[in-house]
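Undergrad: Just passing along the structure, written as C-alpha cells.
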Amino acid sequence: MKEKATEQQMLFVEEYLKLKKSNQKQAAINAGYSPKSAESQACQLLKNPKVDAYLKKREKILADELRSIFVFDAIEARNIMASIMVNPNTPAKDRITCAKDFLDRAGFKPMDKVEHSGEIAMPIIKIEK
C-alpha cells in the first residue's frame, strides 16, 4: 500500500496553496513547523514525493473546481457574443470581431502570414536520360 502524506505535510500543502505558492517558509510556519527551521523544512517538504503527489492532487482539484465555476460564465459570455454577432444594430466591425473570436476559439484561426527574406537552398538534382 502506498504511503500518504502526514496530516502536518498536508496542512503545509494547504497553507502553501493559500499563499498562492509564493512563500514556502511562511506556509511551513503556518503548518506548525518551527520558525527557526521552517525554510529548510519547506524546501525538504517540496522535494518529498508524498508531499509533491498531494500538492499535484490538490492543484488538480482546485483547477477542476475553478473550471466548473467558470463554465456558466463562459456560456453566458458566448451567448452575449452571439447576440452581438447577429444583432443588425451592432456596428459591422464589432459583429466581425465577434465572428472572428468564435472562429478562433473553435480552432478555425487563419494561419499567420510569414515573410521570408533571403534565399532558399534547393538541391539540384541531375536527371540523366
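Undergrad: Read through the list (1) modelled with pLDDT of 80 or more; (2) farther than 22 Å from E76 by Cβ; (3) surrounded by 10 or more Cβ atoms within 10 Å (Cβ to Cβ), then give the number of the only condition that K93 fails.
TA: It is condition (3) that K93 fails.
Undergrad: Scan the stretch 97-109 and report the pairs whose first residue is modelled with pLDDT of 80 or more and whose second residue is assigned to a loop (DSSP other than H, G, I, E, B), with Cβ atoms within less than 7 Å and a gap of 6+ or a chain change.
TA: From the stretch 97-109, the pairs are L103/K109.
Undergrad: In the list E14, E3, which residue meets the criterion of being surrounded by 12 or more Cβ atoms within 10 Å (Cβ to Cβ), in contact with a helix residue (DSSP H, G or I) (Cβ under 8 Å, 6 or more places away or on another chain) and charged (D, E, K, R)?
TA: Exactly one residue qualifies, and that residue is E14.
Undergrad: Would you check if there is a residue in the stretch 24-33 being out of contact with any Lys or Arg (no Cβ under 8 Å at 6 or more places or on another chain) and under 20 Å from L62 (Cα atoms)?
TA: yes
Undergrad: Give me the pairs, please: first residue somewhere in the stretch 61-73 and surrounded by 10 or more Cβ atoms within 10 Å (Cβ to Cβ), second residue anywhere and assigned to a helix (DSSP H, G or I), beta-carbon distance under 8 Å, and either six or more positions apart or on two chains.
TA: L62/L17
Undergrad: Would you tally the residues in the stretch 1-53 being touching a residue at least 40 places away in the same chain (Cβ under 8 Å) and part of a helix (DSSP H, G or I)?
TA: So the count comes out to 8.
The values are calculated or read from the model by the stated rules, or taken from the named source; none is laboratory data. In this text the structure is predicted, and so the values were computed from the model without any measurement. Using ideal geometry, Cβ is built from the backbone for each residue, glycine included, and neighbour counts are taken over all protein chains shown.
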